[in-house]
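Here's the structure we're looking at; comments come further down.
The values are calculated or read from the model by the stated rules, or taken from the named source; none is laboratory data. A quick note: this is a predicted structure, and the numbers were derived from the prediction, not measured. Using ideal geometry, Cβ is built from the backbone for each residue, glycine included, and neighbour counts are taken over all protein chains shown. These accessible areas exclude ligands, DNA and RNA; they are computed on the full protein's heavy atoms, side chains included. Shrake-Rupley method; radii C 1.70, N 1.55, O 1.52, S 1.80 Å.
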Amino acid sequence: MSPEIYDLSIVFVGDINPVIISPFWLAHKGLIQETEGENAKVGIVHNEICKFDLEWASFEITRQRFQVRTTKESFFEVSKDVATSIFRLLKDTPLKLLGINHIFHYRLDEVKYEKLGKVLVPFENWNSVLANPKLLQLEMTEEKRKDGLNGHYRIRISPSELIRSYGVSINLNDQIGRQSEKGTGATELVDLLNKNWKLSLERAQTISTQLWKNLDL
């Protein structure tokens with residue numbers, strides 16, 4: 001089954017100065033076009049949080065977290081390049097976690113939507129506990145990554161935030177942590193993003209395809 005929307009975000013967690021990463025700064029550093037910086041829809045630029053939207057992505061930066069998010073697949077690579085370029089420039093920023101989040105949004109009909117919950121969770125275990133039970137969210141994790149990297153791989157299935165009518169989202173959280181205690185800057189995780197980028201995209205597609213095959217709706 002093909003998703004109606006592919007929502008991708010890149011996240012860095014660490015000790016970040018959000019006020020630096022504004023659309024004006026990105027344009028000044030040549031990471032986006034000058035017109036993009038001028039036309040950015042700025043929500044807030046503050047010492048604690050910076051939020052703004054470009055035509056192709058949204059940015060949200062706090063003191064603990066950087067996120068760039070887009071639903072435009074043609075800009076996935078651009079988002080990755082901008083994220084890595086930011087922390088190449090801010091290489092002394094102490095980063096400790098990287099997240100590549102793949103959220104696939106699917107539109108089902110009423111019958112398949114109801115069936116999905118029953119396939120994922122045996123409702124008979126809940127019939128004596130709840131009246132007419134429905135599945136709200138299911139989360140599974142692979143705590144020890146197959147590739148040997150520090151971090152985890154987590155899958156969450158829940159109602160879609162972007163498709164209201166019988167929409168389902170499958171969120172694949174590809175999280176990678178620092179591999180050693182040596183060094184305190186951003187370089188290690190930036191390198192890990194570049195190294196694992198294509199692998200993450202491929203694995204997300206493979207898992208989502210295999211999951212729908214297993215569910216056999």
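Scale the Cα Rg of segment 141-193 by the rule-of-thumb value 2.2 N^0.38 Å and send over the ratio, two decimals.
1.55
Would you please state which residues of segment 147-187 a label at Asp92 would reach in this model, taking the label point 7 Å out along Cα→Cβ and a backbone N cut-off of under 16 Å?
183-187
Keeping every protein chain present and rolling a 1.4 Å probe, give me the accessible area per residue for the chain in Å².
Accessible surface, normalised per residue, equals 56 Å².
Describe numerically, in nm with one decimal, the distance between label points set 7 Å from Cα along Cα→Cβ at Lys41 and at Arg65.
In this crude spin-label approximation the distance works out to 2.1 nm.
Among Leu135, His105, Asn125, pick out the residue whose Cα is farthest towards the positive end of the charge dipole of segment 83-135, where Lys and Arg carry +1 and Asp and Glu carry -1 on C-beta, about the Cα centre.
Toward the positive end, the furthest listed residue is His105.
With all protein chains present, how much of the accessible area of the chain (probe radius 1.4 Å) comes from carbon and sulfur, to the nearest whole percent?
Answer for the chain is 50 percent, counting heavy atoms of protein chains only.
Between Ser74 and Leu162, with labels modelled 7 Å along Cα→Cβ, what's the label distance in nm to one decimal, could you check?
My value for the distance between the label points is 1.6 nm.
Once you charge only the Cβ atoms, +1 for Lys and Arg and -1 for Asp and Glu, what is the size of the charge dipole of segment 132-204 about its Cα centre, to the nearest 20 debye?
The calculation lands at about 160 debye.
Please give the net charge around Trp197, taking every other residue with its beta carbon less than 9 angstrom from that of Trp197, where Lys and Arg add +1 and Asp and Glu add -1.
+2
Asn194 to Leu120: FRET efficiency via 1/(1 + (r/R0)^6), r the Cβ-Cβ distance, R0 30 Å, to the nearest 0.05?
0.30
Calculate the spin-label point distance for Glu4 paired with Ile49, positioning each point 7 Å from the Cα along the beta-carbon direction, and give it in nanometres.
Simple spin-label model gives 2.9 nm for this pair.
Can you pull the Kirkwood radius for the chain, inverse mean 1/r over Cα pairs, to one decimal in Å?
18.9 Å
Exceeding 32 Å between C-alpha atoms, which entries from my cross-link table qualify? They are Lys51/Lys96; Lys96/Lys146; Lys41/Lys144; Lys51/Lys198.
As for pairs spanning more than 32 Å Cα to Cα, those are Lys41/Lys144.
Using a ≥ b ≥ c from the Cα gyration tensor of segment 1-49 (square roots of the eigenvalues), is it rounded, prolate or oblate, where a/c under 1.5 gives rounded and otherwise the larger of a/b and b/c decides, a/b for prolate?
Here segment 1-49 falls in the oblate category.
If we sort 148-158, 123-133 on the protection proxy, mean other Cβ atoms within 10 Å, highest first, what's the order?
Highest to lowest by the protection proxy: 148-158, 123-133.
In terms of the Cα gyration tensor, with a ≥ b ≥ c the square roots of its eigenvalues, is segment 1-95 rounded because a/c is under 1.5, prolate because a/b exceeds b/c, or oblate?
Prolate is the answer for segment 1-95, as a/c is 1.5 or above and a/b outweighs b/c.
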